[in-house]
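Colleague: Have a look at this one.
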Amino acid sequence: MTSSVGIKPALTHHEMISLFKDRGMIIEDEDKAIEVLTRVSYYRFTGYDLTFKNDNKYVEGTTFEKIHRHYEFDKALRLMLMELIEYIEISIRTRLSYMIAHDYPNLGYREPSNFVSEERHLRLLEILDNELSKSNELFVKHHRENRDGNFPVWVALEMATFSNLVGLYSNLKTDDQIKISSQFNLHSSVLRNWLIVLKILRNRCAHHSRLFNSLIITKPTILRSDKHLDLQQHHLFTQIFNLKYLIKERSLWDSWVTRLEALIEKYDDVDIGRMGFKENWSTLLKIV
């Protein structure tokens with residue numbers, strides 16, 4: 001039998017409201033607050049109130065609505081970041097497929113000797129083959145039925161997750177990594193680091209994890225040319241700043257930054273400094 005010692009009893013929504021108020025939170029519309037808590041768990045919601053607490057009491061003037069606005073800002077920011085991550089993921093997938101298809105023609109991508117670690121490569125092939133066997137995508141069915149189940153690299157890599165792609169790039173031989181990284185005018189080790197960091201950010205966004213006032217464990221490399229900007233590696237803004245080097249379509253990047261400006265203006269009560277944003281953040285993002 002599983003012990004329940006030390007487990008707090010589940011609170012009702014009304015008990016959650018009472019607890020908030022006992023700790024000094026201002027709740028002007030309790031019905032609306034309860035409606036929010038039916039959609040957003042108490043545990044997730046209180047992740048955004050940490051900056052408004054002192055000795056487990058809310059600082060004077062803290063409202064439920066203000067904390068909810070931080071949650072809404074964070075959600076909108078995650079969705080915006082996912083747009084850029086999707087763009088980069090497709091770009092990396094395409095560049096990897098093209099390079100491997102031309103440098104290792106036919107089914108050369110299946111040959112472990114073309115990569116650094118045979119073990120890691122065979123593990124990737126196992127994942128891809130499993131996904132290909134289950135897929136009902138028309139282009140996969142076509143190769144399964146008309147090409148004797150032989151899948152070229154550009155088909156196989158469509159089954160790869162972003163994490164798989166990052167692992168594949170990291171397992172390329174040095175010269176092959178350089179062929180990809182040079183397309184972004186980056187050193188291969190820098191691109192490798194950025195992709196690993198971006199993989200973590202993607203997972204956080206996909207799983208709705210909090211970005212506001214949350215530090216980064218795996219720090220992104222800062223280019224030597226950007227060292228003078230005094231960017232903080234453990235904050236989100238540095239990750240966003242680095243993305244501008246991976247977005248080759250300038251109009252898309254400029255449009256995204258403009259939308260970010262609008263989002264931050266809409267939620268002007270959110271302290272973006274807690275995510276490493278500097279006062280001239282938009283200027284920094286627009287300079288490429």
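The values are calculated or read from the model by the stated rules, or taken from the named source; none is laboratory data. Quantities reported herein were computed from a predicted structural model and do not represent experimental measurements. All Cβ positions, even for glycine, are placed from backbone atoms using ideal geometry, and neighbour counts span all protein chains on display.
Colleague: Do you know which of the residues in the range 1-57 that are of a type in the set (Lys, Arg) and part of a helix (DSSP H, G or I) is nearest to the chain's Cα centre (by Cα)?
Modeller: Of everything passing the filter in the range 1-57, ARG44 is nearest to the chain's Cα centre (by Cα).
Okay, residues lined up against (1) modelled with pLDDT under 95; (2) of a type in the set (A, V, I, L, M):
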| position | (1), (2) |
| --- | --- |
| LEU11 | yes, yes |
| ASN54 | yes, no |
| TYR58 | no, no |
| GLU65 | no, no |
| GLU72 | no, no |
| GLU89 | no, no |
| LEU96 | no, yes |
| ILE100 | no, yes |
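Colleague: Can you tell me which residue among PHE115, PHE151, PHE162, PHE184 is touching a His at 6+ places or on another chain (Cβ under 6 Å) and either hydroxyl-bearing (Ser, Thr, Tyr) or modelled with pLDDT of 95 or more (or both)?
Modeller: None of the others qualify; the one that does is PHE115.
Colleague: I'm told LYS278 meets every condition in (1) assigned to a loop (DSSP other than H, G, I, E, B); (2) of a type in the set (Lys, Arg); (3) under 26 Å from SER170 (Cα atoms) except one. Can you identify the failing condition by its number?
Modeller: (3) is the only condition that LYS278 fails.
Colleague: What are the pairs, 6+ residues apart or on separate chains, where a residue within the range 162-188 that is in the same structural domain as ARG224 (by TED's automatic domain parsing) and in contact (Cβ under 8 Å) with a residue 40 or more places away in the chain has its Cβ under 8 Å from a residue that is surrounded by fewer than 18 Cβ atoms within 10 Å (Cβ to Cβ) and among the hydroxyl-bearing types (Ser, Thr, Tyr)?
Modeller: ASN171/SER117; PHE184/TYR245; ASN185/TYR245; LEU186/TYR245
Colleague: So, in the range 222-273, of the ones that are assigned to a loop (DSSP other than H, G, I, E, B) and basic (Lys, Arg), which residue ends up nearest to LEU198 (Cα to Cα)?
Modeller: It comes out as LYS244.
Colleague: On to the next question. Scanning the range 59-118 for residues that are among the hydroxyl-bearing types (Ser, Thr, Tyr) and part of a helix (DSSP H, G or I), which turns out surrounded by the most Cβ atoms within 10 Å (Cβ to Cβ)?
Modeller: For the range 59-118, the residue satisfying everything is TYR109.
Colleague: Continuing with this model, one more query. Given the condition within 28 Å of LEU252 (Cβ to Cβ), assigned by TED's automatic domain parsing to the domain that holds ILE180 and touching a helix residue (DSSP H, G or I) at 6+ places or on another chain (Cβ under 9 Å), answer yes or no: does some residue in the range 130-149 qualify?
Modeller: So far as the range 130-149 goes, yes, one or more of its residues are within 28 Å of LEU252 (Cβ to Cβ), assigned by TED's automatic domain parsing to the domain that holds ILE180 and touching a helix residue (DSSP H, G or I) at 6+ places or on another chain (Cβ under 9 Å).
Colleague: Test of understanding: among ARG202, ARG210, ARG192, which residue is closer than 30 Å to ASP49 by Cβ and either over 20 Å from the mean Cα position of the chain (by Cα) or part of a helix (DSSP H, G or I) (or both)?
Modeller: Answer to the selection: ARG202.
Colleague: Being out of contact with any helix residue (DSSP H, G or I) (no Cβ under 8 Å at 6 or more places or on another chain), touching a residue at least 24 places away in the same chain (Cβ under 8 Å) and either under 18 Å from ASP74 (Cα atoms) or not assigned by TED's automatic domain parsing to the domain that holds ILE92 (or both) is the filter here, so list the residues in the range 235-265 that pass it.
Modeller: Result: THR238, single match.
Colleague: Let me ask something else. Output the number of residues of the range 128-170 satisfying the condition of being within 15 Å of LEU96 (Cβ to Cβ), of a type in the set (Val, Ile, Thr) and in a helix (DSSP H, G or I).
Modeller: The total comes to 3.
Colleague: Would it be correct to say that TYR48 is in contact with a Gly (Cβ under 6 Å, 6 or more places away or on another chain), surrounded by 15 or more Cβ atoms within 10 Å (Cβ to Cβ) and more than 30 Å from ILE247 (Cα to Cα)?
Modeller: Criteria not met by TYR48.
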